[in-house]
Amino acid sequence: MIARDPFVGKMKSPQAARELKLFIDGISAGCAEFAGKCGARVCLIPFHQSADRVFTEQTASKIPGAKIESWTTLDQLLDIFSSLDIVLTARFHGLVLASNAGIPHAAVAVDPKIEYFQQNYRYSGISRVLKPEECTAERVAAVLTETWQNQKLFADRAADQTRYETAAAR
């Protein structure tokens, strides 16, 4: 899972604080529910160490057994990604890394480019996108479960893309 505070840059009004708390609670509870059902380990990866740290720590504190994975080099980040079975991301780069690695993934569209990418890249139709306001525990758990169940579809789509790219390179 890639963490991001979707409220960065917004005025920190009481309303924004309530929305952020609901978002963190929904993501946390949904991930915890999914992990409990599947026996999965939840890993949070702050993409921007300083901007994402508070959100990541708040989210991790609400998920039993969650681990925060820090990194400083691209090789370290790629090593972390290579160990993941499924990704839920709110960062565009997390989405690109998961897509290119063929890792089953879902995204929270905190930025329009996330939704655009999901609709126009190789996993359109099988990868799900949530809007921040849709991130209830039930919805997050359902999307993660569906993504988990679609592992073969992701693998097949990645293999098709690799065959296409190999043929195109000849």
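The values are calculated or read from the model by the stated rules, or taken from the named source; none is laboratory data. Bear in mind the structure is a predicted one, so any value in this text is a computation, not a measurement. Please note: Cβ atoms are built from the backbone with ideal geometry, for glycine as well, and neighbour counts cover all protein chains shown. Accessible surface areas use protein heavy atoms only, side chains included; no ligands, DNA or RNA. Shrake-Rupley method; radii C 1.70, N 1.55, O 1.52, S 1.80 Å.
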Counting only the heavy atoms of the protein chains, how much of R163 is accessible to a 1.4 Å probe, in Å² to the nearest 10?
140
Of G39, S50, A155, which is farthest on the positive side of the dipole of the chain, counting Cα position, with +1 on Lys and Arg Cβ, -1 on Asp and Glu Cβ, and the Cα centre as origin?
S50
Within region 96-112, backbone nitrogen closer than 15 Å to the virtual label 7 Å beyond the Cα of L74 toward Cβ
96-98, 100-101
Which value, in Å² rounded to 10, gives the accessible area of W148 with a 1.4 Å probe and all protein chains present?
80
Mean projection of the alpha-carbon convex hull of the chain over all orientations, in nm²?
10.0
Under the Debye formula (equal points on every Cα, no solvent term), log10 I(q)/I(0) of region 107-147 at q = 0.22, 0.33 Å⁻¹:
-0.69, -1.12
For S50, what accessible surface area do you get with a 1.4 Å probe? Give it in Å², rounded to 10.
110
